[in-house]
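Accompanying notes for the structure given below.
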Amino acid sequence: MKIIICDKMEKEYIEQMRSAGLTVDVRDDISPEELLTVLPNYDGMVVRSRTKVRKNLIDACPNLKVIVRGGVGLDTIDYEYAQSKNIKVMNTPLASSASVAELAIGYMFMLARSLYKASASMKAETWDKKSFEGDEIGGKVLGLIGIGNIGKEVAKRANALGMTVLAYDPYVKEVEGIKLLGLDELLAQADYISLHLPKTNESANMISKAQFAKMKNGVRIINCARGGIIDENALYDALVNGKVAGAALDVFNEEPPTDWKLAKLENVIASPHIGAATKEAQARVGAEVAEKIIAFTKVG
């Protein structure tokens, strides 16, 4: 079975696949145009966030049997269409959960203590203690929108910090130790709101002007899920008028953004979609990708 690796992957797990008898070609800098030309020669492909697998690519590859995405979501793949063509589509939903959760918690501390601005002031050789009176995390209410694998990891850490954790997830009936609420109830009660759900037709722009109006004044928002779940124009307005005291964003509707005005606001902390970018998560992703590809070939 011939596999093409289209994005970065640890060598150890590439060799693991080769040792299992697979022919594995690494083309982690391949362009979309070149991929369209070479993919018909392969039975399977491994992708991360960089490579998009859309209908036109699937149609051009009659031999394709399996696609594995090293990551949580499947939004970079037209997976329902792929499945209709009898192509197996898999991802690695557990591998990066802890890393994304830690980033979300770290962002809460940064927002609570204005750490980004405090550090920038020191680099500018300014000693200004009076401007940086912050808040404690403990005792605050954290509202999680989405309580899947990553949301549960965030909840575990937030509980240890003494936060009250609430969650909204229409697909979950019960979670031990977490109170599930309707979205409007959660928005009204939360001091911090952290998003941990996939982007779908239902979740696109689900946090917009009407939802911001239902939030507490001075709420803080963290998005380490997917861009486009929050209406960025509505968030910009809420940050400018003070409804939202601060936001930490690892994801954007366009990546990289073509309009940087949101990221440039003083009360916004931003990063270039690095939630899963830890050595530990990358190793777990590589291991899970290799395991799933090898298992697929044995079943097939």
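No lab work stands behind these numbers, since they all come straight from the coordinates. Remember, it's a predicted structure, so these values are computed and weren't measured experimentally. Virtual Cβ from ideal backbone geometry, glycine too; neighbours counted across all protein chains shown.
Some values worked out for this structure:
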item	result
Convex hull projection area averaged over all views, the chain, Cα basis, nm²	17.3 nm²
Gyration tensor (alpha-carbon) shape descriptor, region 74-188, a/c threshold 1.5	oblate
Eligible lysines near residue 11 by straight Cα distance, threshold 27 Å, same-chain separation 8 or greater	2, 52, 65, 88, 279, 292, 298
Dipole magnitude (debye, nearest 20) for the chain, charges at Cβ of Lys, Arg, Asp, Glu	240 debye
Net charge of Cβ neighbours under 12 Å - reference residue 286; Lys, Arg +1; Asp, Glu -1	-1
Spin-label model distance (nm) - residue 274 vs residue 38, 7 Å beyond Cα toward Cβ	2.9 nm
Whole-number D in µm²/s for region 97-270 (Stokes-Einstein; Kirkwood sum over Cα pairs; 20 °C, 1.002 mPa s)	131 µm²/s
15 Å Cα-Cα reach of residue 85 towards aspartates and glutamates, excluding residues that sit fewer than 8 places from it in its own chain	43, 59
Lysine-lysine proximity count for region 103-212, Cα under 17 Å, sequence distance 8 or more or distinct chains	7
The chain: relative contact order as a whole-number percent, Cα under 8 Å and 6+ apart	17 percent
Separation between Cα centres of region 191-220 and region 78-146, rounded to whole Å	15 Å
Ranked 157, 226, criterion: other C-beta atoms within 10 Å, fewest first	157, 226
